[in-house]
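To start, the structure itself, in structure tokens.
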Amino acid sequence: MSAPLRLSSEPVGDLVEREARHAETISYLFRDFHIALPKGTLILRDESLARRTTLRVGGPADLYVEPGTEDALASVMELCSLRSMPVFLLGRGSNLLVRDGGFRGVVVSLASAGFSRIESEGVFLRVGAGARLKQVAVEARRRGLAGLEFLEGIPGSMGGALRMNAGAMGRWTFDAVEQIRVMDHYGTIRDVARAAVDVEYRNCPLLRQEVAVSALLKGDPAPPDEVRERMDTYSRKRWESQPNQPSAGCTFKNPSPTLPAGRLIDELGLKGTRVGDAMVSDVHANFLVNLGRATARDVLTLIQLVRDRVRDARGIQLETEVEILGEDSP
Ligand code: EPU
């Protein structure tokens, strides 16, 4: 959904004119949002995305908005479509690398209370896209529902987990999904049954085109103590095997279930390798951590270094799992 504005072959005059037009459209949209959205909606210009991602790098978004209702979200989507403005749906920013030049467009977050509700209906949980996965796991435990324990340690939102079919402890998000509710770029909403959604390892192609607003999850009745025990085991395992410094989680997809990227990188002795303040974690080699002052450029250079080393040594092309957004700084 992000479209880089700068093309190196473009004459300088055209570039300046295009940037001026873009800035003007952003100003119009800022005004449109204030007119169309309910009072109190968070609408920000030039909002830092570094502080809204767990890796803590990257530049600003031209506009950042947190609609509180489906109607408000529909207005945002429609206004952006009318003005041909790129939109990016931000979850909890835990799987995202924003480039240093930031995002030329509108970042939409569903973190408001209206999109973060979790309602239970028997063995089902209706979960808003903005709900934190930890809260979903806790609610399932409270209701005596098994099968959602793996969500406990994923530091993301329901919407993000759906979009990338997030997983842990051998389970995928879509293993627990019955139905998703999605909105297209014109603000139209529909419910889609799980069977009609194609999903892949760490990807849900439908949600690259449309926005998930909520999901209906199904759990299996079980004694809450049993559920708690499993959650505790997962949590312990994660604390022992994953770093707690700022990161975007696993950087690369596993080339296959029997060939984890972390092990591949570790075997090449790359733990502790640094570019600026970006470092291959010495706890888990598929995590690139920010030691404090890393830039997106540092992280991207380190990603390339790791990919080159793995390709040269093992003939394997690692694919990034983290989503990379925006443009480089000028
Ligand atoms: N390993 C090493 N060295 C390392 C890291 C791992 O030898 O530095 C070995 C481990 O000992 C283990 C194997 O590699 O034998 C797999 O490691 P792990 O159990 O940590 O699982 P993973 O495949 O690296 C996946 C998900 C994680 C998820 C964990 C736990 C991917 C890319 N990653 O990691 O998801 O938390 O399983 O279930 O599928 C994420 O998506 O961001 C993420 C962190």
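The values are calculated or read from the model by the stated rules, or taken from the named source; none is laboratory data. This structure is a prediction, so every number in the text was calculated from the model and none was measured. Because the Cβ atoms are built from the backbone with ideal geometry, glycine has one as well, and the counts that use them run over all protein chains shown. To get the accessible areas, we keep the full protein, side chains included, count just its heavy atoms, and leave off ligands, DNA and RNA. Shrake-Rupley method; radii C 1.70, N 1.55, O 1.52, S 1.80 Å.
For residue 202, the shell of other residues with beta-carbons less than 11 Å away shows a net charge of -2, using +1 for Lys and Arg and -1 for Asp and Glu. With θ taken as phi - 60° and the Karplus curve 6.51 cos²θ - 1.76 cosθ + 1.60 applied, the whole-hertz 3J(HN,Hα) list for segment 240-257 is 6, 10, 10, x, 10, 7, x, 7, 10, x, 5, 7, 10, 6, 6, x, 7, x Hz, x standing for glycine and proline.
Excluding residue 320 itself, what net charge comes from residues whose Cβ is under 9 Å from its Cβ, given Lys and Arg +1 and Asp and Glu -1? Local charge sum for residue 320: -1. Max-minus-min Cα coordinates of segment 143-244 on each principal axis give 43, 32, 19 Å, with the largest extent listed first.
Taking the chain as a Gaussian network of alpha-carbon nodes connected by springs under 10 Å, the highest mean-square fluctuation of the residues 283, 98, 107 belongs to 283. Here the relative contact order of the chain, from alpha carbon pairs under 8 Å that lie six or more residues apart, stands at 18 percent. Comparing 229, 210, 47 in a Gaussian network model of the chain, where Cα atoms under 10 Å apart are tied by springs, the biggest mean-square fluctuation is seen for 229. Counting Lys +1, Arg +1, Asp -1, Glu -1, what net charge surrounds residue 184 among other residues with beta carbon under 11 Å of its beta carbon? With Lys, Arg at +1 and Asp, Glu at -1, the net is -1.
Magnitude of the charge dipole for the chain, about its Cα centre and with charges confined to Cβ atoms of Lys, Arg (+1) and Asp, Glu (-1), is about 580 debye.
The distance linking segment 162-227 with segment 106-120 is 15 Å (Cα centroid to Cα centroid, whole angstrom). Converting the Cα gyration tensor eigenvalues of segment 12-119 into ellipsoid dimensions via √(5λ) gives semi-axes, longest first, of 23, 19, 10 Å. Only Cα pairs under 8 Å and 6+ residues apart enter the sum, and on that basis the relative contact order of segment 142-294 stands at 21 percent. GNM on the chain, alpha-carbon springs under 10 angstrom: the most fluctuating residue among 112, 27, 48 is 27. Comparing 239, 306, 250 along the charge dipole axis of segment 231-330, the residue lying farthest to the positive side is 239, per the Cβ-charge model.
3J(HN,Hα) couplings calculated from phi for segment 172-185 with the Karplus curve 6.51 cos²θ - 1.76 cosθ + 1.60 (θ = phi - 60°) are, in sequence order, 10, 3, 5, 4, 9, 8, 9, 7, 10, 10, 10, 10, 8, 6 Hz; Gly and Pro show x.
Counting only protein chain heavy atoms and rolling a 1.4 Å probe, the accessible areas of 316, 324 rank, largest first, as 324, 316. In order along segment 21-35, the Karplus-derived 3J(HN,Hα) couplings, from 6.51 cos²θ - 1.76 cosθ + 1.60 at θ = phi - 60°, round to 5, 4, 4, 5, 4, 4, 4, 5, 5, 4, 5, 3, 4, 5, 6 Hz, and Gly and Pro are given as x.
With contacts taken as Cα pairs under 8 Å at a separation of at least 6 residues, segment 70-195 carries a relative contact order of 22 percent. Between residue 42 and 66, the built amide H atoms are under 5 Å apart, and every one of these is 5 or more places off in sequence or on another chain. Over all orientations, the chain has a Cα convex hull whose mean projected area works out to 17.6 square nanometres.
Residue 228 contributes about 110 Å² of solvent-accessible surface, heavy atoms of the protein only, 1.4 Å probe.
When +1 charges are put on Lys and Arg Cβ atoms and -1 charges on Asp and Glu Cβ atoms, the dipole computed for segment 1-152 relative to its Cα centre reaches about 540 debye.
Rounded to the nearest 500, the 222 nm mean residue ellipticity of the chain from helices alone is -9500 deg cm²/dmol, with -39,500 (n - 2.57) taken per DSSP H run of at least 4 residues.
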